[in-house]
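Asker: My questions all concern the structure below.
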Amino acid sequence: MANTEQFQSPAPFSTWVGVVLLFALFGVIVVAVIGPGPRSDTYERMRAEERVKKLKDARDEDAKALTSYAWVDKNKGTVRLPIDRAMELTVADLANKKPTSAYAITAPESSAAPGGVASASPAPSVSPQASGTPKPTSVTGPNSQARGQPAAAVNPPAVQPSTQPGASASPKASGAVPTASPSTTPGQQ
């Protein structure tokens, strides 16, 4: 007996047509999404040229603002000056001002020592409240104001000036004559 049965597909022809149509629909959606996008290098080149043009315009506008006179607020009488002129006026204004110290400076008393060299007598110790310096705070312990902060975030407690070497060291060691000059802060010159 010969097997005369033909092989029958379990899926009908309409199922195959439906699958092909779904693939076609997917292809149409992909083309619709990707199709309008740029196809060549010219799109990126055009965008780069636009960015360069915008940057040039912004720099030209800034240069014009820095080198020209203009009204900022005409009602208040506020004007914008060129940067060169503003620097000249600022330098002239600062040259006319007399520098002032940030705090009261007391000149050390000097007495003539034998040999013609003046020696400085130690400055009288002044309490922190009278000199305007803040009261030292605790750096460690439960009452510390630096609790939870890194070690470098807090200044160490103040020490007596005579215990530290440096500018307040004895003038006899260097052989120089002490002069009283006001100390300046980095922002004040």
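Asker: Could you tell me which of the residues E88, E61 is in a helix (DSSP H, G or I) and over 26 Å from the mean Cα position of the chain (by Cα)?
Answerer: Working: E61 fails: over 26 Å from the mean Cα position of the chain (by Cα).
Sole residue among the options that is in a helix (DSSP H, G or I) and over 26 Å from the mean Cα position of the chain (by Cα): E88.
Asker: Residues in the stretch 17-37: is at least one among the hydrophobic types (A, V, I, L, M, F, W, C), surrounded by 10 or more Cβ atoms within 10 Å (Cβ to Cβ) and either under 25 Å from A86 (Cβ atoms) or under 41 Å from the mean Cα position of the chain (by Cα) (or both)?
Answerer: Taking every residue of the stretch 17-37 in turn, none turns out to be among the hydrophobic types (A, V, I, L, M, F, W, C), surrounded by 10 or more Cβ atoms within 10 Å (Cβ to Cβ) and either under 25 Å from A86 (Cβ atoms) or under 41 Å from the mean Cα position of the chain (by Cα) (or both).
Values in this text are rule-based calculations from the coordinates and carry no lab data. Just so we're clear, the structure is a prediction, and the values are computed from it rather than from any experiment. We place every Cβ from the backbone using ideal geometry, glycine too, and count neighbours over all the protein chains shown.
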